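The values are calculated or read from the model by the stated rules, or taken from the named source; none is laboratory data. Small disclaimer: the values here were computed from a predicted structure and weren't measured. Methodologically, a virtual Cβ is constructed for each residue, glycine included, from the backbone with ideal geometry; neighbour enumeration extends over all protein chains shown. Surface areas here come from the heavy atoms of the whole protein model, side chains and all, with no ligands, DNA or RNA. Shrake-Rupley method; radii C 1.70, N 1.55, O 1.52, S 1.80 Å.
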Amino acid sequence: MSTVVSYLPSAVAQQNVESEIQRVFERQRETAIRLRSSTLDERKAKIKKLKETVLAHSEEFFAAGYADFKKPPAEVELTEIFPVVAEANDALRKLGGWMKRAGVWPSRATMGLKAWVQYEPKGRCLIISPWNYPVNLTFGPLVSAIAAGNTVILKPSEMTPNLSALMVKVVRQIFPEDEVAIFEGDVKVSTALLELPFDHIFFTGAPAIGKVVMAAAAKHLTSVTLELGGKSPTIIDAGADLKAAARNIMWSKYTNDGQTCIAPDHIYVHASVKDEFVRLCQETLTAAYGADAKTQKDSPFLARIVNQRHTARIKGLLDDALSRGAKTLTGGQVDEQACYIAPTLLENIPDDAKIMKEEIFGPLLPIISYTDLDDVIRRINADPKPLALYLWSRNESHITKVMKQTTAGGTCINHTVVQFLHGNLPFGGVNNSGIGNAHGHYGFKAFSHERAVVRTQFAMVSMFYPPYTDWTRKVVKLLIKIV
């Protein structure tokens with residue numbers, strides 16, 4: 001099996017990295033053209049091999065995840081390996097149907113023409129992935145890109161070096177560099193990649209960097225899929241199942257230590273049930289991570305923040321909120337050297353606190369009481385459109401109101417985050433939280449060009465060739481009335 005080389009800026013000069021990027025990019029040109037004719041079996045064989053190789057290295061992924069930010073093996077298995085396997089299996093089952101051309105009925109104006117949509121690979125694709133779920137958010141889109149018949153260059157985050165190195169190892173075992181290549185490195189490597197005229201760029205990360213990616217893509221009119229983030233709100237109304245809500249939200253918020261783009265960012269809970277909801281949240285945290293600060297810090301089930309810089313950023317949000325009058329309901333302990341912030345619930349947060357403006361992406365959870373659902377909806381609509389919105393309610397009129405009067409990339413009713421795992425749904429944001437969709441058939445289409453094809457059966461249009469006659473005009477006027 002041919003191998004791909006991982007190019008490390010620490011091993012070669014920056015200019016050599018850029019020349020290697022250019023060399024591989026040029027090598028993928030002819031391969032991309034060849035892969036336009038790749039068969040179903042060829043694509044499925046690559047996807048199957050990727051899945052099998054990831055599974056074969058499961059134990060190494062567990063160790064790498066722990067080395068990078070003490071991610072528990074169960075979370076690596078559930079949030080890194082499982083989604084990749086599910087994505088691969090979905091493609092293996094359904095790719096034949098996705099690849100088939102889709103016939104379309106003629107419109108009234110195009111009688112006599114046969115038409116269909118033909119799915120074609122976009123060509124040379126770039127996937128830039130983040131550090132919070134590096135395996136999932138690198139290999140998941142890779143499955144879609146392979147399914148669609150593309151070549152790919154991968155750029156994982158440098159902030160999880162152990163997981164990144166292991167992904168290099170996996171890719172080396174499977175793909176020649178003219179099909180799938182991978183480059184490690186910092187922002188200089190990303191910048192060099194973004195200067196190239198890729199046919200599609202798939203980026204997962206913060207909205208601020210998404211704007212940089214989109215601006216770079218615009219120079220070449222490259223299409224993009226941007227999976228971004230934002231402040232995903234959660235609403236808990238007076239009639240919600242509070243115990244189920246507390247258990248579910250504490251799980252989805254503190255998995256990966258809150259470093260999840262679709263995690264609940266802040267909670268609006270009805271004032272009449274707020275105290276009980278907080279009590280249940282505290283009870284859930286105690287059961288999950290321990291009854292006191294030391295036990296929670298020593299818990300093997302709680303990941304760490306990825307590095308000290310991000311720890312300091314999150315601590316800054318906490319300190320700012322507390323300085324403005326916010327109160328800690330539980331947690332609040334910080335050890336910057338250990339990249340640790342305890343699972344923390346906050347209340348009485350003023351609107352001008354930074355934590356209410358910036359995406360938290362960490363183990364802090366503001367809890368805001370409300371009495372008027374319309375006011376909550378106004379507050380949500382005043383912010384950029386979120387990647388996710390969650391609603392806990394058994395009141396159908398409340399559910400209908402929230403669904404009709406807000407917008408979000410995805411929504412769960414009486415659940416959180418599972419929209420990501422539903423392979424038959426589009427996963428993506430809206431405006432500031434993302435552009436385009438991923439997963440399953442939607443991921444396949446993201447990396448495909450939908451080519452419109454028309455074939456003549458009998459050429460009715462010939463009656464409109466010049467020279468034009470009165471009869472021609474009469475036929476046109478008739479068509480205008482019936483189309």
query = Accessible area of Glu336, 1.4 Å probe, to the nearest 10 Å²?
reply = 70
inquiry  = Report the Cα centroid-to-centroid distance between the stretch 145-167 and the stretch 405-483 in angstrom, as an integer.
reply    = 31
task = May I ask you to list the aspartates and glutamates whose Cα is less than 20 Å away from that of Lys100, ignoring any residue fewer than eight positions away on the same chain?
result = Asp41, Glu42, Glu87, Asp90, Glu120, Glu450
ask   = To the nearest µm²/s, what D does Stokes-Einstein give for the stretch 366-425 at 25 °C and 0.890 mPa s, using the Kirkwood radius over alpha carbon pairs as Rh?
value = 197
query = How much length, in nm to one decimal, is gained on full extension between Thr191 and Asp351, taken as 0.36 nm per residue of separation minus their Cα-Cα distance?
reply = 54.0 nm
task = Please give every one of the aspartates and glutamates within straight-line cross-link reach of Lys354, meaning a C-alpha to C-alpha distance under 15 Å, and leave out same-chain neighbours fewer than 8 residues apart.
result = Asp265, Asp319, Asp320, Asp383
query = Regarding the stretch 1-159, what are the three Cα extents along the principal axes, ordered largest first, in Å?
reply = 64, 41, 30
task = At 7 Å along the Cα-to-beta-carbon direction for both Ala215 and Asn89, put a label point, then send me their distance in nm to one decimal.
result = 4.3
remark   = Under a 1.4 Å probe, counting only protein heavy atoms, His441 has an accessible area in Å², nearest 10, of 70
query = Roughly speaking, to the nearest percent, how much of the stretch 271-345's 1.4 Å accessible area is carbon and sulfur?
reply = 51
key: Euclidean distance of C-alpha centroids, the stretch 292-338 and the stretch 220-241, integer Å   = 24
inquiry  = Expected output is a single nm value to one decimal: the length gained when fully extending between Ser272 and Ala293, i.e. 0.36 nm times separation in residues minus the C-alpha distance. What is it?
reply    = 4.7 nm
note = Note on the stretch 33-145: contact order normalised by length, alpha-carbon pairs under 8 Å, 6 or more apart, percent, works out to 29
ask   = Relative contact order, percent, of the stretch 357-483 when contacts are C-alpha pairs under 8 Å separated by at least 6 residues?
value = 17
Where trypsin sites (Lys or Arg not before Pro) in DSSP loops with at most 14 other Cβ within 10 Å are excluded, longest remaining stretch of the chain = 220-356
note = With Val17 itself left out, Lys, Arg at +1 and Asp, Glu at -1 over residues whose Cβ is under 12 Å from its Cβ give -1
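Between Arg108 and Tyr468, take the C-beta separation as r, use R0 = 25 Å, and let me know the FRET efficiency to the nearest 0.05.
Once the sixth-power term is evaluated, E becomes 0.70.
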remark   = For Lys94, counting only lysines whose alpha-carbon sits under 23 Å away and dropping same-chain residues fewer than eight positions off, the answer is Lys44, Lys46, Lys48, Lys49, Lys51, Lys122, Lys445
request  = Could you provide, to the nearest whole Å², the per residue accessible area of the chain with probe 1.4 Å?
outcome  = 45
ask   = Using a 1.4 angstrom probe and counting only protein chains, how large is the accessible area of Met460 in Å², to 10?
value = 80
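Before anything else, pin down the relative contact order of the chain: Cα pairs under 8 Å, at least 6 apart, normalised by residue count, whole percent.
19
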For the stretch 73-189, fraction of C-alpha pairs farther apart than 20 Å, in % = 51
request  = Give me the orientation-averaged projected area of the Cα convex hull of the stretch 109-152, in nm², one decimal.
outcome  = 4.7
message = Given a 1.4 angstrom probe, I'd like the percentage of the accessible area of the stretch 121-167 that is carbon and sulfur, rounded to a whole number.
response = 55
ask   = Which distance in nm do the two modelled labels at Thr371 and Lys100 give, with both placed 7 Å along the Cα-to-Cβ direction?
value = 5.9
note = Computed, not fitted: 222 nm per-residue ellipticity of the chain from DSSP H runs ≥ 4 (each -39500 (n - 2.57)), nearest 500, equal to -13500 deg cm²/dmol
ask   = What is the Rg over Rh value, at two decimals, for the stretch 160-219, using alpha-carbon atoms and the Kirkwood definition of Rh?
value = 0.99
key: Net charge dipole size for the chain [Lys, Arg +1 and Asp, Glu -1 on Cβ; Debye, nearest 20]   = 2220
